[in-house]
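As structure tokens, the structure follows; a few thoughts come after it.
The values are calculated or read from the model by the stated rules, or taken from the named source; none is laboratory data. This is a predicted model, so every value here is computed, not measured. Glycine also receives a Cβ, built like all others from the backbone with ideal geometry; neighbour counts cover every protein chain displayed.
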Amino acid sequence: MFRVLIMAFVVLVMLPCASEPVLARAMERGDATAARKATPAVVNISTWKVRPPAKPGDLPRRVKTYGSGFLIDPAGIIVTNKHVVDGALDITAILSDGERAHATLLAVAAMLDLAVLKVDVGHPLPVLKWGDSEALQVGDPVLTIGNPLGIGISVSAGIVSALNRDIQDTPFDQYIQTDAAINHGNSGGPLIDADGDVVGVDTALYNPDDAGGFIGIGFAIPAETAKFVVDRLLDPAHPLPGWIGVTLQDLTPELSEALGLQGATGSIISAVDAGGPASEAGLRPGDVLSAVGDIRPGDSRAFMRLIVEVPVGNPVKLTIWRDAKEATVTAKVAEWPNHMPGGGMMSAGMAEAMIQKMPDPGVRLADLTDDLRQQFGIDPKVTGALVASVEADCEARDLGIVAGDVITAVQGTPVANPVDVRSAVRTAHEQHRSYLAVLVQGKTSSRWVSLSMGGASR
């Protein structure tokens, strides 16, 4: 089921909502107090990414994406999701008071969907405190705060629907499920409790329709896990996650009976990595792990969480069930082998190459002929370049430009046709401008829009 899980980030356009309304609990007076406390520390995150060509022969396109985050340090430390900043050419954080600041990616988690950013604004910023996610119970009230569909900071109310959910994202999932709205763009925002403290990091939504929106099933990384990972990411020593090289699954009663393991409890090993610590310790598929040290976890994911937290290089005592009896083995914890220290941002070389290319705003222009004037109902007095079509995944669509609009001026200079517009774009690109001011005549009025010429301005 969870293969169709959708990471909750938005790419330019507002995706269709579910066909039926989602009914979460109504907000209460205490919610307003918690929201007022937390909202100043929530940020909108805007990034420029590169969308691969839609078809052979097309060029890659820079597109704007939106997400959320929250401040945990007055010096400007922001927590968000890794997928919000993956492949970003540039990251801009928009603070609650509207101030915009370039954000630097400090670190991304090796395994979990978490990243840490930093903004420098010259003054202390409001922050959120980590709450106690271990104290959460099903039915507890919670709020989500974030930037759904890129429309700006919004608050939604709901409850904790379930705990310790496995959405098959990592080997140690323990997501909080909630019916408080998590839509595209909410990713990285906080899930807060009645005290206004962070109990989770909003990360994913579930919808059987890949293009669908929130239907009442959203997921957040528990604060306990997020704080542990973020603290490690901010540690100058940057401790890496622990690994022993086993694949585990829950030992069900049916599997226990089928394998003749009556009486065994724990998680069964389904694979052992050759040359890994578990292999060197003599573990093999079919062994049942029942304890790590003195702790007997409740499921296979809890086992993996315990191993991840053991410092690399330390020995760990494992209790196993083998040949109808328990035994103890010791494995030396190694670092997780697929750790990617540079993940998240596009490499400097790739970013520079993209910036050197003249941007494609995603619109197709045409000369304003009499036939096209009649087709789109354009006043004979209007002159300029007709917007003949707008691609679904582009900055122009995000800015509200539609087929039938007319570009009448660029950078304050009137234009008469598509050639004039392309010339103005080329000139702005050669001058290394960050934005291009474009006057667009719509059906009823004209307005200025700013088209990006590259990454967001510093």
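Which residue out of 79, 43 is assigned by TED's automatic domain parsing to the domain that holds residue 184, touching a Phe, Trp or Tyr at 6+ places or on another chain (Cβ under 8 Å), modelled with pLDDT of 95 or more and more than 16 Å from residue 184 (Cα to Cα)?
Just a single option satisfies the conditions, and that option is 79.
Among (1) within 22 Å of residue 155 (Cβ to Cβ); (2) surrounded by 18 or more Cβ atoms within 10 Å (Cβ to Cβ), there is one condition residue 98 misses while meeting the rest; what is its number?
Only one criterion is unmet by residue 98, namely (2).
Conditions tested, residue by residue: (1) hydroxyl-bearing (Ser, Thr, Tyr); (2) assigned to a helix (DSSP H, G or I); (3) surrounded by fewer than 21 Cβ atoms within 10 Å (Cβ to Cβ).
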position	(1), (2), (3)
265	yes, no, yes
268	no, no, no
271	no, no, yes
284	no, no, yes
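Among the residues of region 154-168, what is the count of those that are of a type outside the set (A, V, I, L, M, F, W, C) and either assigned to a loop (DSSP other than H, G, I, E, B) or over 30 Å from residue 36 (Cα atoms) (or both)?
The qualifying residues number 2.
Just the residues that are over 35 Å from the mean Cα position of the chain (by Cα) and assigned to a loop (DSSP other than H, G, I, E, B), please, taken from region 412-458.
412, 415, 416, 417, 443, 444, 445
If you check 126, 171, which single one turns out to be outside any strand (DSSP E or B) and modelled with pLDDT of 90 or more?
Just one listed residue meets the conditions, 126.
If only one of 226, 278 is in the same structural domain as residue 319 (by TED's automatic domain parsing) and buried (at least 24 other Cβ atoms within 10 Å of the Cβ), which one is it? Steps first, please.
Working: 226 fails: in the same structural domain as residue 319 (by TED's automatic domain parsing).
Every option except 278 fails the conditions.
Any idea which residue in region 346-398 is modelled with the highest pLDDT, counting only those that are charged (D, E, K, R) and either crowded, with 20+ Cβ neighbours inside 10 Å or farther than 19 Å from residue 408 by Cα (or both)? Can you show your working first?
So in region 346-398, the residues charged (D, E, K, R) come out as 352, 357, 360, 364, 367, 370-371, 373, 379, 381, 391, 393, 395, 397-398.
Checking which are either crowded, with 20+ Cβ neighbours inside 10 Å or farther than 19 Å from residue 408 by Cα (or both) leaves us with 352, 357, 391, 393, 395, 398.
On the way: 352: 53, 357: 60, 391: 81, 393: 69, 395: 77, 398: 77.
For region 346-398, the residue satisfying everything is 391.
If you scan region 31-87, which residues turn out to be aliphatic (A, V, I, L, M), free of Cβ contacts under 8 Å to residues at least 60 places away in the same chain and farther than 21 Å from residue 154 by Cβ?
75
Going by what's in this entry, would residue 172 be described as surrounded by fewer than 23 Cβ atoms within 10 Å (Cβ to Cβ), within 23 Å of residue 108 (Cβ to Cβ) and of a type in the set (Phe, Trp, Tyr)?
Spelling it out, residue 172 is indeed surrounded by fewer than 23 Cβ atoms within 10 Å (Cβ to Cβ), within 23 Å of residue 108 (Cβ to Cβ) and of a type in the set (Phe, Trp, Tyr).
Would you pick out the residues in region 61-83 that are over 13 Å from residue 50 (Cα atoms) and either in contact with a Ser or Thr (Cβ under 7 Å, 6 or more places away or on another chain) or β-branched (Val, Ile, Thr) (or both)?
Of everything in region 61-83, those that are over 13 Å from residue 50 (Cα atoms) and either in contact with a Ser or Thr (Cβ under 7 Å, 6 or more places away or on another chain) or β-branched (Val, Ile, Thr) (or both) turn out to be 66, 67, 68, 69, 72, 77, 78, 79, 80, 81, 83.
In region 216-255, what residues are closer than 25 Å to residue 177 by Cβ and assigned to a loop (DSSP other than H, G, I, E, B)?
216, 217, 241, 251, 252
For the subset of region 288-334 comprising residues that are among the aliphatic types (A, V, I, L, M) and loosely packed, with under 12 Cβ neighbours inside 10 Å, which member is nearest to the chain's Cα centre (by Cα)?
295
State yes or no: is residue 69 of a type outside the set (Asp, Glu) and closer than 26 Å to residue 121 by Cβ?
Yes: the conditions hold for residue 69.
Got a number for residues in region 118-164 being surrounded by fewer than 17 Cβ atoms within 10 Å (Cβ to Cβ), within 25 Å of residue 306 (Cα to Cα) and touching an Asp or Glu at 6+ places or on another chain (Cβ under 7 Å)?
Within region 118-164, residues that are surrounded by fewer than 17 Cβ atoms within 10 Å (Cβ to Cβ), within 25 Å of residue 306 (Cα to Cα) and touching an Asp or Glu at 6+ places or on another chain (Cβ under 7 Å) number 2.
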